[in-house]
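Participant: I have a structure here, written as structure tokens, and I will follow up with some questions on it.
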Amino acid sequence: MPTTTYSQEEVAMMMSELKVQLLPTIIEQMQLINQLPPLLTRQQFMELADVSHTKANQLFNTRGFPVTRKLGNPRVITSEFFKWLNEDIEHSKMVNLRFTATS
């Protein structure tokens, strides 16, 4: 298997370029997440995750999914939802977020 080696300068240049390109996107995503309410209604969750009513029901009944029914109607605990997404790559495949989840 061929190997590629980079000089310190090349690595520094790549890291600098990554910061320039990714940092604004990461900041924007964090701001979007911080604007979400602590508890998402079914409709809010469906819009955020870009899932159908059927898929939302399936997720709401999935063991370990961060939903609470203590307030009557099911609500998704926003912070726990993003933790759940980051726990397992398979979790992130269940929804269609338009951005990468960060916690």
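Every number here is computed from the coordinates shown, using simple stated rules; none is lab data. Since this is a predicted model, take the numbers as computed values, not measurements. Counting neighbours? That spans all protein chains shown, and the Cβs are built from the backbone with ideal geometry, glycine included.
Participant: If Rh is defined by the Kirkwood formula over all Cα pairs and Rg also comes from Cα, what ratio Rg/Rh do you get for the range 8-92?
Facilitator: On the Cα set of the range 8-92, Rg over Rh gives 1.14.
Participant: Helix 8-35: angle to the longest alpha-carbon principal axis of the chain, degrees 0 to 90, nearest 10?
Facilitator: With rounding to tens, the tilt is 20 degrees.
Participant: Here is a follow-up. Work out the length of the dipole vector of the range 10-103 about its Cα centre, built from +1 on the beta-carbon of each Lys and Arg and -1 on the beta-carbon of each Asp and Glu, and round it to the nearest 20 debye.
Facilitator: On the way: 10 positive and 9 negative charges, 119 e Å.
Computed about the Cα centre, the dipole is about 580 debye.
Participant: Another question, if that's okay. Given points 7 Å out from each Cα along the Cα-Cβ axis, report the Asn73 to Thr54 separation in nanometres with one decimal.
Facilitator: Output for this residue pair reads 2.2 nm.
Participant: Shifting gears a bit: Calculated from DSSP H runs of 4 or more alone, at -39500 (n - 2.57) each and per residue, what is the 222 nm mean residue ellipticity of the chain, nearest 500?
Facilitator: Only helices count here, giving -17500 deg cm²/dmol.
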